[in-house]
Amino acid sequence: MACGCNRNLRDDLTEANALERIAKHPCFSFEAHRKYARMHLPVAPRCNISCNYCNRKFDCANESRPGVTSEILTPLQARDKYLLVREKIDHLSVVGIAGPGDALANWEKTKTTIMLIKQVDPDVIFCLSTNGVMLPEYAREIVDLGIKHVTVTVNCLDPETGAGIYKYVYYKGRKYQGPAGAEILIRNQQTGIAYLAQRGVIVKVNIVMIRGINDGQIPAVVRKVKDLGAFITNIMPLVPARGSVFQDFAPTDTEELNRMRDVCGLELRQMRHCKQCRADAIGLLDDDRSQEFSKASLEEKPAAGDGRAQKQNIAAAS
Ligand code: CLF
Ligand code: SF4
């Protein structure tokens, strides 16, 4: 990864500074989640890895509830949808890109969407979710774009365990299977988390708890990502998706999940209010309003944005 800056910004991310910056983020802050809304823009359909708990027909299970399909938007449609939703939803503070595939496997679309929305609203908080395999390539651009909140799903620390979780990893034009693929993924996740955290990005790490596969090493994952600079971890239950390799696995037991969160909470802050929401979720975490803002309703009601800016941006987005 090319680094354009020698200054280590990690020291800037003091506890007080971080708490101030998450105060309006409903996922990073428990207190914020009853007041502030987030909006996901489903502009990222492709994925570059294959998780055994994923069925590609549905949203990314690392950040979304499997079993719910989303409409895919172009960056311009996403910008228009944002303008429409902003008028209707109070306290909309965060725009997130969480699939339905991987935000960085669709980097041009993700980046264009963020740039378009920044032009109409420079103050909204941007948030990305990724499996992390492309982080070394794009972490610098993420920082340069001003994205301050990133979620990376890290399920294990060793390639052998990873080989039981990931069917393959597609990286730089080649498909890697077994431990070879997991090794690339794990290395890139760790490199990327450290890079972002050192530059003041607040990193959340999602961990899917899979009984008999990675549950024994989750405390070690939490310790490792804490050392890399992660701010919070979100230990999530496995939701066995129909058609996935793990479809017959038992869902993670809630008591076991909460015990794991308690243990890991001694090490690092834990998110406990995740709703495993859709890649097109809109509203408060407890009150999804995405059905009110389907593509069809967007086409019926043109955005109330700045027409001049829209014309200027068509070239950038197409
Ligand atoms: Fe979206 Fe994720 Fe950002 Fe939140 S969701 S990209 S960090 S704005 Fe939140 Fe939804 Fe849980 Fe994700 S409740 S699935 S943690
Ligand atoms: Fe599915 Fe998400 Fe894994 Fe990609 S990263 S395979 S979309 S769960």
- Note on the structure: Here the residues within segment 151-165 that are buried (at least 21 other Cβ atoms within 10 Å of the Cβ) and in contact with a Pro (Cβ under 8 Å, 6 or more places away or on another chain) are G162
- Message: Being open to solvent by 40 Å² or more (accessible area, probe 1.4 Å), in contact with a helix residue (DSSP H, G or I) (Cβ under 8 Å, 6 or more places away or on another chain) and closer than 20 Å to R289 by Cα is the filter here; which residues of segment 17-42 pass it?
- Response: K24
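Condition first: more than 27 Å from R211 (Cα to Cα) and either open to solvent by less than 10 Å² (accessible area, probe 1.4 Å) or touching a Lys or Arg at 6+ places or on another chain (Cβ under 8 Å) (or both). Now tell me which residues in segment 129-145 satisfy that. Reasoning before the result, please.
If we filter segment 129-145 for residues that are more than 27 Å from R211 (Cα to Cα), which is where we start, we get 134-145.
Passing the criteria: L135, A139, E141, I142, V143, L145.
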- Please list, ordered by first then second residue, the pairs with beta carbon atoms under 9 Å, 6 or more apart or interchain, first in segment 188-209 and free of Cβ contacts under 8 Å to residues at least 60 places away in the same chain, second within 16 Å of ligand 1 (Cβ to nearest atom) and among the basic types (K, R). V201/K148
- Task: Can you give me the number of residues within segment 203-225 that are under 15 Å from L135 (Cβ atoms) and of a type outside the set (K, R)?
- Result: 4
- Message: Kindly evaluate K148 against the criterion of being among the charged types (D, E, K, R), away from ligand 1 (no atom under 16 Å from the Cβ) and open to solvent by 10 Å² or more (accessible area, probe 1.4 Å).
- Response: no
- Message: Condition check: modelled with pLDDT under 95 and buried (at least 18 other Cβ atoms within 10 Å of the Cβ). Does Q276 satisfy that?
- Response: yes
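Name the single residue, out of those in segment 43-86 being among the acidic types (D, E) and within 13 Å of ligand 1 (Cβ to nearest atom), that is most open to solvent (accessible area, probe 1.4 Å).
Of segment 43-86, the ones among the acidic types (D, E) are 59, 63, 71, 80.
From the residues that got through so far, the ones that are within 13 Å of ligand 1 (Cβ to nearest atom) too are 59, 63.
Numbers: D59: 3, E63: 27 Å².
If we take residues in segment 43-86 being among the acidic types (D, E) and within 13 Å of ligand 1 (Cβ to nearest atom), then E63 is most open to solvent (accessible area, probe 1.4 Å).
The values are calculated or read from the model by the stated rules, or taken from the named source; none is laboratory data. Just so it is clear, the structure is predicted and the values come from calculations on it, not from any experiment. Here the Cβ is made from the backbone with ideal geometry for all residues, glycine too, and neighbour counts use every protein chain on show. Accessible surface is based on the protein model in full, side chains and every heavy atom, while ligands, DNA and RNA are left aside. Shrake-Rupley method; radii C 1.70, N 1.55, O 1.52, S 1.80 Å.
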